[in-house]
Amino acid sequence: MHLADGVINVPTIAATYAGTAALVGYGIGKIKEEEIPKISLMTGTFFAVSLISIPVGPSSIHPLIAGLIGVMLGKRAPVAIFIGLLFQALLFQHGGLTTLGANTLMLAIPALLSHTLYQRIKGDNAMKKGMIVGATATIMSVILLVAVLVTSQPLFAQGAASVVNLIIIGHIPLVVIEAFVTGSALQLIMKSRPNWITGGGH
């Protein structure tokens, strides 16, 4: 879900950067020293995993793990996502600097909501809760991606074979993959480091 430079217009760039600045600022506030290893681990994981990318029109399909990051980091999730995307743009030209705000926002919002969703789902089955969170976060990210594209350029949504339709269809398998990966990861973490989930960065 890396939007490249030149895809969105200036007003959208400004608006998404403002939103990202607010979320990152919120996430940085009062970080405790003991949180840094977990934030670093999730940043590195996100950086590596989301480098796997398949171009689809002006965007791309790749593992998002926004749900996993959200459950693990809570309010710190936007920080990890921003840093990961920034280094991807600088080192590998995945995404762009003008679209860094949009790319961050499309993952950070679902990540933050995922933490709340996971805590509110009843039961102790980490696999089931993780699968719900992983699928939901991916769907939310796609919705935000479509909203950003259409807001910036309505032509992206025109025609049966529009960019928007291609993106939606292309992400359907990813919803299933994200559900399984997030569920499996949280099940494993719950067995070995349960406090990493229950703490959630709050």
(message) Against the definition (at pLDDT 95 or above and either under 18 Å from ILE132 (Cβ atoms) or charged (D, E, K, R) (or both)), how does GLY101 come out, yes or no?
(response) no
(request) For residues that are surrounded by 14 or more Cβ atoms within 10 Å (Cβ to Cβ) and outside any loop (DSSP other than H, G, I, E, B), tally how many sit in region 1-27. (result) 12
(message) Just to be sure I understand, how many residues within region 110-134 are assigned to a loop (DSSP other than H, G, I, E, B) and either closer than 28 Å to GLY19 by Cα or in contact (Cβ under 8 Å) with a residue 40 or more places away in the chain (or both)?
(response) 1
(request) Check whether at least one residue in region 147-160 is under 16 Å from the mean Cα position of the chain (by Cα) and closer than 30 Å to ASN9 by Cα, and report yes or no. (result) yes
(request) Could you check, for region 180-189, whether at least one of its residues is more than 17 Å from GLY70 (Cβ to Cβ), in a helix (DSSP H, G or I) and either at pLDDT below 90 or hydroxyl-bearing (Ser, Thr, Tyr) (or both)? (result) no
(request) Look through PHE92, PHE82 and report the one residue that is among the hydrophobic types (A, V, I, L, M, F, W, C) and either touching a Leu at 6+ places or on another chain (Cβ under 6 Å) or surrounded by fewer than 21 Cβ atoms within 10 Å (Cβ to Cβ) (or both). (result) PHE92
(request) Considering only residues that are crowded, with 20+ Cβ neighbours inside 10 Å and farther than 20 Å from LEU97 by Cβ, look in region 28-57 and name the one that is nearest to the chain's Cα centre (by Cα). (result) MET42
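The values are calculated or read from the model by the stated rules, or taken from the named source; none is laboratory data. Predicted model, so just to flag it, every value in this text is computed and none were measured. FYI the Cβ positions are ideal-geometry reconstructions off the backbone, even for glycines, and counts take in every protein chain you see.
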